[in-house]
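Chemist: Sharing a structure with you now.
The values are calculated or read from the model by the stated rules, or taken from the named source; none is laboratory data. This is a predicted model, so every value here is computed, not measured. Using ideal geometry, Cβ is built from the backbone for each residue, glycine included, and neighbour counts are taken over all protein chains shown.
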Amino acid sequence: MEIPTTLKHKPVIVSENYENVDGRYAYNTDTKGLSLGLAQWNDRGKVDISAKAWRHTGEKWSRQSEELPLHRVLDLAILVTRALQHFRESYRYEKLYDEKNPVIDRIGLQGDAMTVSVCTSNEKIDEDIQLFRQALSNDDELISERLIVISRILKEMGY
């Protein structure tokens, strides 16, 4: 299914068969494609690149399609990888995190730091963190495959 090119987001690089590789939803997802393109919020003379996940209801393109600036996509990747790293060692804590210090890391970005922490304001954090860990475990093969690909590409780029 071809991603629309007549909308405000202008696709430049696309994956139009994303529905075939959408993790556990492969072949049964409304996310039909991914694109990198010119952001829909661009003002005259100012151009930003964004990533977009294109969702389709079966009849029309969904308003739930999501567009994110590239730096935010990468920030999410940083958050995911740091969370995965935390859960490799979380067995050391009774509740899977240090209750006295729920901050997992502070990652320096742009002269400040992105704080990564367990959301202790969640009233059901003890239950939810167990479910989160189990979901990570269930999806380990899907996640690992993608991390290996990212690692390979980054090494090829000299990172």
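Chemist: Which residues, counting only those in the range 8-37, are more than 30 Å from GLU141 (Cβ to Cβ) and surrounded by 15 or more Cβ atoms within 10 Å (Cβ to Cβ)? Lay out the reasoning, then the answer.
Modeler: Step one: of the range 8-37, the residues more than 30 Å from GLU141 (Cβ to Cβ) are 8-10, 12, 37.
HIS9, LYS10, GLY37, listed by residue number.
Chemist: Now for a separate question. Quick check on my filter: what residues within the range 16-43 are small (Gly, Ala, Ser), under 16 Å from the mean Cα position of the chain (by Cα) and assigned to a strand (DSSP E or B)?
Modeler: Narrowing the range 16-43 to residues small (Gly, Ala, Ser): 23, 26, 33, 35, 37, 39.
If we keep only those that are under 16 Å from the mean Cα position of the chain (by Cα) as well, we get 23, 33, 35.
Selection gives GLY33, SER35.
Chemist: Taking the stated definitions as given, is ILE153 β-branched (Val, Ile, Thr), closer than 23 Å to GLY33 by Cα and touching a residue at least 24 places away in the same chain (Cβ under 8 Å)?
Modeler: Numbers: β-branched (Val, Ile, Thr): yes; closer than 23 Å to GLY33 by Cα: yes; touching a residue at least 24 places away in the same chain (Cβ under 8 Å): no.
Taking the combined requirement at face value, the residue does not satisfy it.
Chemist: Sticking with this structure for a sec: For the condition on the phi > 0 side of the Ramachandran plot, surrounded by fewer than 17 Cβ atoms within 10 Å (Cβ to Cβ) and of a type in the set (S, T, N, Q), what is the one hit in GLN110, GLN85, GLN40? Lay out the reasoning, then the answer.
Modeler: On the way: GLN85 fails: on the phi > 0 side of the Ramachandran plot; GLN40 fails: on the phi > 0 side of the Ramachandran plot.
Testing whether each residue is on the phi > 0 side of the Ramachandran plot, surrounded by fewer than 17 Cβ atoms within 10 Å (Cβ to Cβ) and of a type in the set (S, T, N, Q) leaves just GLN110.
Chemist: Hey, another quick one. Just checking, does the range 47-54 include any residue being touching an Asp or Glu at 6+ places or on another chain (Cβ under 6 Å), among the charged types (D, E, K, R), not in a helix (DSSP H, G or I) and not assigned by TED's automatic domain parsing to the domain that holds ILE148? Show your work before the answer.
Modeler: Restricting attention to the range 47-54, the residues satisfying the condition of being touching an Asp or Glu at 6+ places or on another chain (Cβ under 6 Å) are 50, 52-53.
Next, only the ones that are among the charged types (D, E, K, R) stay: 52.
Subset that is not in a helix (DSSP H, G or I): 52.
This time we only want the ones that are not assigned by TED's automatic domain parsing to the domain that holds ILE148, so: 52.
Scanning the range 47-54, I find at least one residue that is touching an Asp or Glu at 6+ places or on another chain (Cβ under 6 Å), among the charged types (D, E, K, R), not in a helix (DSSP H, G or I) and not assigned by TED's automatic domain parsing to the domain that holds ILE148, so the answer is yes.
Chemist: For the range 1-25, name all the residues that are in contact with a Pro (Cβ under 8 Å, 6 or more places away or on another chain) and hydrophobic (A, V, I, L, M, F, W, C).
Modeler: ILE3
Chemist: Turning to a different aspect of this structure: Which of (1) in contact with a helix residue (DSSP H, G or I) (Cβ under 8 Å, 6 or more places away or on another chain); (2) more than 25 Å from ASP139 (Cα to Cα) is the odd one out, the single condition ASP112 does not satisfy?
Modeler: Unmet for ASP112, out of (1) in contact with a helix residue (DSSP H, G or I) (Cβ under 8 Å, 6 or more places away or on another chain); (2) more than 25 Å from ASP139 (Cα to Cα): (1).
Chemist: Restricting the search to the range 89-112, which residues are among the charged types (D, E, K, R) and under 19 Å from the mean Cα position of the chain (by Cα)?
Modeler: Filtering the range 89-112 for residues among the charged types (D, E, K, R) gives 89, 92, 94-95, 98-100, 105-106, 112.
ASP105, ARG106 - these are the residues of the range 89-112 that are among the charged types (D, E, K, R) and under 19 Å from the mean Cα position of the chain (by Cα).
Chemist: Right, next: Right, ASP75: of a type in the set (Asp, Glu) and farther than 26 Å from GLY23 by Cα or not?
Modeler: Working: of a type in the set (Asp, Glu): yes; farther than 26 Å from GLY23 by Cα: no.
It is false that ASP75 is of a type in the set (Asp, Glu) and farther than 26 Å from GLY23 by Cα.
Chemist: Moving on to the next point. Just checking, how many residues over the range 17-40 are among the polar types (S, T, N, Q) and either out of contact with any Asp or Glu (no Cβ under 9 Å at 6 or more places or on another chain) or in the same structural domain as ARG146 (by TED's automatic domain parsing) (or both)? Walk me through it before giving the result.
Modeler: At the first step, the residues of the range 17-40 found to be among the polar types (S, T, N, Q) are 17, 20, 28-29, 31, 35, 40.
Add one more test, that the residue is either out of contact with any Asp or Glu (no Cβ under 9 Å at 6 or more places or on another chain) or in the same structural domain as ARG146 (by TED's automatic domain parsing) (or both), and what stays is 17, 20.
So the count comes out to 2.
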